[in-house]
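Each remark here refers to the structure printed beneath this line.
The values are calculated or read from the model by the stated rules, or taken from the named source; none is laboratory data. Being a predicted model, the structure only gives us computed values, none of them experimental. With ideal geometry, Cβ positions are generated from the backbone for all residues, glycine too; neighbour counts draw on all protein chains shown. Note: areas computed on protein heavy atoms with side chains; ligands, DNA, RNA excluded. Shrake-Rupley method; radii C 1.70, N 1.55, O 1.52, S 1.80 Å.
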Amino acid sequence: MYASREDIGYDFGDDSKVGSKPIKPNPNIDGGWAWMIVLSSFLVHILIMGSQMALGILNMEWLEEFNQSRGLTAWVSSLSMGITLIVGPFIGLFISMCGCRTTAIIGGILNALGWILSAYASNVHYLFLTFGVTAGIGSGMVYLPAVVMVGQYFQKRRALAQGLSTTGTGFGAFLMTALLKYLCTEFGWRNAMFIQGAISLNLCVCGALMRPLSPKDLREKYVRSDSEENRAKALSHSTETIKSNEVLGEEPEKKEEAANEEVLGSVQHIEIGGKSGSGRSMYGLRLFKTVSQLTVTVRKGFALWYSSYFGAASLFTNRVFVAFIIWALFAYSSFVIPFIHLPEIVKQYNISRQDNVFPLTSIIAIVHIFGKVILGIISDLPCISTWNVFLMANFSLVTCILTLPLMQTYIGLAVVCALIGFSSGYFSLMPVVTEDLVGTKHLANAYGIIICANGISALFGPPFAGWIYDITQKYDFSFYIAGLLYMVGIIFLLIQPCIQKNQLREKSTEEAQV
């Protein structure tokens with residue numbers, strides 16, 4: 001099928017800058033502080049994604065406390081999961097302007113505040129605002145920087161690094177399920193949420209570990225990756241088209257940079273000329289310089305964000321990336337629905353005794369850990385295509401989702417849940433596939449779009465399953481419909497690259513004839 005990123009056919013990197021001059025590798029790329037970034041991202045996944053995977057425990061408490069329908073109550077968990085991902089494109093703007101570290105620290109404070117305020121909820125609608133929106137936005141502000149920073153610090157072992165960092169989701173789902181069960185039993189769900197809010201403040205520490213690479217280090221990484229690709233294969237026609245578009249998009253950006261430099265230069269000139277002035281005027285000049293620098297940073301960040309979405313080099317000109325977005329719209333709900341509704345399914349099938357010994361959600365979480373690491377190692381092998389591993393894992397997962405309603409014993413459900421956990425390990429490959437499609441420079445904005453599509457899927461998936469249950473008193477149809485929609489997304493991933501490849505072949509044939 002597709003053996004490399006050239007086969008997929010897109011890269012936004014600038015190969016024209018690649019020279020024959022040898023580049024001294026940065027010790028922090030693929031090593032050194034890069035592993036601290038992996039640790040930080042791992043802890044973020046435990047505290048954010050792991051906690052969200054354990055929300056089935058709190059969902060049952062909310063059903064008993066507020067006596068609302070399953071569909072309405074499921075909106076609390078869905079809002080939290082969905083908004084965490086939906087805000088991705090806007091968090092990309094924050095990252096462009098403020099950097100990953102500042103964005104993550106602010107997000108950690110906001111996430112903790114959402115958990116603590118939710119402890120005082122008087123109804124489900126209050127939880128929509130505090131837990132769904134406030135904690136959800138905070139989670140998104142930490143999650144995207146955690147993924148982007150790993151992509152920036154790694155080149156050769158990207159899949160393994162992303163796999164190791166995202167195993168925090170599995171560890172977190174296992175640990176947080178046990179922790180929330182214990183806290184709800186011993187202290188009640190309100191105190192449990194208060195304690196979880198205090199624990200979430202550790203996200204600020206994780207954000208502080210996200211030390212940014214210098215622009216020089218990032219340029220070296222682009223050049224190294226681009227030079228390796230050039231030695232492997234000549235650029236495809238589609239890549240050249242995208243790059244020509246990018247050149248058009250960079251012209252206004254260069255003009256903006258010149259204007260920014262002119263502003264800062266004039267400020268520095270005024271400052272030099274005013275050194276002989278009074279202390280008060282010097283303080284005013286320094287304040288003016290600080291504001292000017294902040295304005296320039298914001299303008300540059302917004303210009304990069306805007307060009308990625310709406311400029312000549314828009315990510316949406318990449319047809320395979322658009323197919324990837326369509327896939328993401330259907331995929332994530334198929335993974336989220338079992339986590340939210342499995343506790344209710346267990347109670348419906350009268351297998352609570354076995355599930356209390358070893359919960360099905362914990363089985364998914366534990367095997368999910370091994371799935372991410374193993375799929376990451378396999379994808380980093382020179383003879384293996386990350387794209388093919390990604391597609392195979394998707395086929396396996398959709399098969400499990402369609403099979404799960406047929407299992408009504410604990411053993412059968414445990415086997416299917418284990419396969420779901422392993423197959424869903426492809427989540428660690430999503431940043432790698434995204435980077436292969438658009439390049440490292442556009443990773444933050446592109447991955448923000450992908451997780452936004454995932455967020456829409458997570459937002460509507462669990463409430464839809466709860467609504468179907470309220471009508472039919474069964475979860476079977478929820479899994480069947482989710483699985484079929486997921487299959488539609490996979491078909492888009494298969495068809496669009498084939499169409500693109502045929503168009504390129506036909507165009508090259510026409511050019512050869514001319």
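What the table shows:
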| quantity | calculated |
| --- | --- |
| From phi via Karplus (6.51, -1.76, 1.60), per-residue ³J(HN,Hα) for the range 66-72 in Hz, x at Gly/Pro | 9, 6, 9, 5, 4, x, 5 |
| Amide proton proximity set for Gly439, modelled H, under 5 Å, gap of 5+ | Phe12 |
| Accessible area expressed per residue, the range 309-398, with surrounding protein chains retained (probe 1.4 Å, Å²) | 36 Å² |
| Residue order for Phe171, Phe154, Phe128, Phe370 - accessible surface, 1.4 angstrom probe, largest first | Phe370, Phe171, Phe128, Phe154 |
| Contact order relative to length of the range 357-514, as percent, for alpha carbon pairs under 8 angstrom and 6 or more apart | 26 percent |
| Per-pair calculated FRET efficiency, R0 = 56 Å: Ile374 and Asn67 via Cβ, rounded to 0.05 | 0.80 |
| Accessible surface of Met49 - all protein chains present, 1.4 Å probe, nearest 10 Å² | 10 Å² |
| Gain upon complete extension [Phe316, Glu186; 0.36 nm per residue less C-alpha separation] | 41.7 nm |
| Cα-based shape type of the range 364-480, given that a ≥ b ≥ c are square roots of the gyration tensor eigenvalues and the cut on a/c is 1.5 | oblate |
| Cα gyration tensor, the range 413-486 - rounded (a/c under 1.5), prolate or oblate | oblate |
| ³J(HN,Hα) computed for each position of the range 452-459 - Karplus, 6.51 cos²θ - 1.76 cosθ + 1.60, integer Hz, glycine/proline x | 5, 4, 4, x, 4, 5, 5, 5 |
| Relative contact order, percent, the range 112-214 [alpha-carbon distance under 8 Å, six or more residues apart] | 44 percent |
| Rounded, prolate or oblate (a/c below 1.5 giving rounded, otherwise prolate when a/b exceeds b/c) for the range 360-416 by Cα gyration tensor | oblate |
